[in-house]
1. Against the condition at pLDDT 95 or above and in contact with a helix residue (DSSP H, G or I) (Cβ under 6 Å, 6 or more places away or on another chain), how does E31 come out, does it pass?
2. Would you call A78 within 18 Å of E17 (Cα to Cα), part of a loop (DSSP other than H, G, I, E, B) and of a type in the set (G, A, S)?
3. Against the definition (among the polar types (S, T, N, Q), surrounded by 16 or more Cβ atoms within 10 Å (Cβ to Cβ) and without any contact (Cβ under 8 Å) to a residue 40 or more places away in the chain), how does T38 come out, yes or no?
4. So is L58 surrounded by 15 or more Cβ atoms within 10 Å (Cβ to Cβ), modelled with pLDDT under 95 and of a type outside the set (D, E) or not?
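The values are calculated or read from the model by the stated rules, or taken from the named source; none is laboratory data. In this text the structure is predicted, and so the values were computed from the model without any measurement. Cβ placement follows ideal geometry from the backbone for every residue including glycine, while neighbour counts extend to all protein chains displayed.
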Amino acid sequence: MREDFRFVWSQRARYAEVDAQAVVFNSRYLEYFDIGITEYFRAVGLYPEPNLKGAPELHVVKAEVVYHAPVLLDEDMAICVRCDRVGRTSLTFAFEVHGRANGPDGNDLRASGVEVSVHVDEPRGRPTPVPDAVVDLFETYEGRTLR
């Protein structure tokens, strides 16, 4: 449900994102999730400096999309994102894409999904524990315990 998300990003379906039927092509929803999570990370405070300097290294290891109804060309969408849980080395994020047919706060669900990202030590590329400071940022933003 739309109201289960504190963070929402507005996006319009552009011509380059649709197929011959003027429906958003299925792979584009992962791009919408990526746009949403980037802006969510900014809102949470994960990107304290320009060019992502000092940000933790997170690699997506699982991505899932469930399609509920199509998004059409030039349609305005609400991309909803939240951190659902933090494990020892991973973070799980939930996504929903809603149409604006029922107004800006409507529950016109078009797609939902989950992504799991793993925190890595870039020089070695191996999973490492999620830093407490990162967990604190997400818990403060979401207003609840995530571990």
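1. no
2. No.
3. So T38 fails the test.
4. Judged against the criteria, L58 is a match.
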